[in-house]
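The values are calculated or read from the model by the stated rules, or taken from the named source; none is laboratory data. Source: prediction; values computed, not measured. As a convention, Cβ positions derive from the backbone with ideal geometry for all residues, glycine included, and neighbour counts pool all protein chains shown.
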Amino acid sequence: MLKAAGSAAALTILGGIPVGAAAAKKPAEAAMTLVPHKDRKKILVIGAHPDDPETSVGGTMCLLADAGHEVVSVYFTRGEAGIPGMGHAEAAAIRSREAEEACAVMGVRPLFMTQIDGSTEVNADRYREMRELLEQEKPDVVITHWPIDSHRDHAVCGILVLDAWRRLDRCFELYYFEVMTGTQSQMFYASDWVDITSTRDRKYKACYCHVSQDLKETMDDWHGPMERFRGLECRCEAAEAFLHHVEPVSLV
């Protein structure tokens, strides 16, 4: 993902992928070559719970799907502990259905992993599970949680993805997204922005598919202000921000 210097649209490429209206033509000030839309890419957005991908990356996911790329919303858990007073099995069924409805709105494919909401683990088996999923899916780009997060499930998700990326020889582009920055995501700084002005309404429609979570307050108090702030940074109405993980490889 690269942002065009001085461009009002602010974003032209996500891991070499054109995104949104800004990608239709090359900004004069951006010294880069856009990948043609015919070069279909595969993007995995890996969130800890149903609604994490939607609230944090929903606008970008819609833009990528609309551009013809394959977008997969990966849910680390099924939100088993996410409905107070309800057992894990029943809550998981409700929240999985809500996630599937949200994915239909965005035009992306849902994929569920096997960790348990509130009881996520970091161990040899879980490292292997994440690595094997990424080996099977073969993404070009992965977007996931920033590992420095006050929510343990978010941090665990980011750590396992990071380990898999390294063990798979960095064979895909890795980006992090932010969640309720300052309260959950800590010390997050953006390297890239996506103008989601054109898809923000659809993003919110997808978020509100998660009826059990009553997300209006979360969106009004957290993600809405974040979108506006990130939009101010890149001179558009609303944006989502990301951090590109670039790690030098030793030549020795």
query: Any idea how many residues of region 100-114 are part of a helix (DSSP H, G or I) and in contact with a Cys (Cβ under 7 Å, 6 or more places away or on another chain)?
result: 4
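Among the residues of region 196-236, which ones are among the acidic types (D, E) and modelled with pLDDT of 95 or more? Break it down into steps so the answer makes sense when it comes.
Looking only at region 196-236, we keep the residues that are among the acidic types (D, E), and these are 201, 214, 217, 220-221, 227, 233.
Correct list: D201, E227.
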- request: Just one of (1) of a type in the set (D, E); (2) closer than 12 Å to S73 by Cα; (3) not in a helix (DSSP H, G or I) trips up D117, so point out which.
  value: (2)
- prompt: How many residues does region 68-102 hold that are out of contact with any His (no Cβ under 6 Å at 6 or more places or on another chain) and closer than 16 Å to S212 by Cα?
  reply: 22
task: Would you please name the residue that is surrounded by the fewest Cβ atoms within 10 Å (Cβ to Cβ), looking only at residues in region 120-148 that are of a type in the set (S, T, Y) and not in a loop (DSSP other than H, G, I, E, B)?
output: Y127
message: Which pairs turn up if I take residues in region 207-230 that are part of a helix (DSSP H, G or I) and look for partners that are among the aromatic types (F, W, Y) and at pLDDT 90 or above with beta carbon separation below 8 Å, at least 6 apart in sequence or on another chain?
response: K216/Y208; M219/Y204; R230/W193
query: Pairs, please: C-beta under 6 Å, at least 6 apart or cross-chain, first residue within 19 Å of E137 (Cβ to Cβ) and in region 85-109, second of a type in the set (S, T, Y) and buried (at least 17 other Cβ atoms within 10 Å of the Cβ)?
result: A99/Y75; C103/S73; V108/S73
statement: Looking across region 79-110 at residues that are crowded, with 24+ Cβ neighbours inside 10 Å and not small (G, A, S), the single one that is nearest to R230 (Cα to Cα) is M106
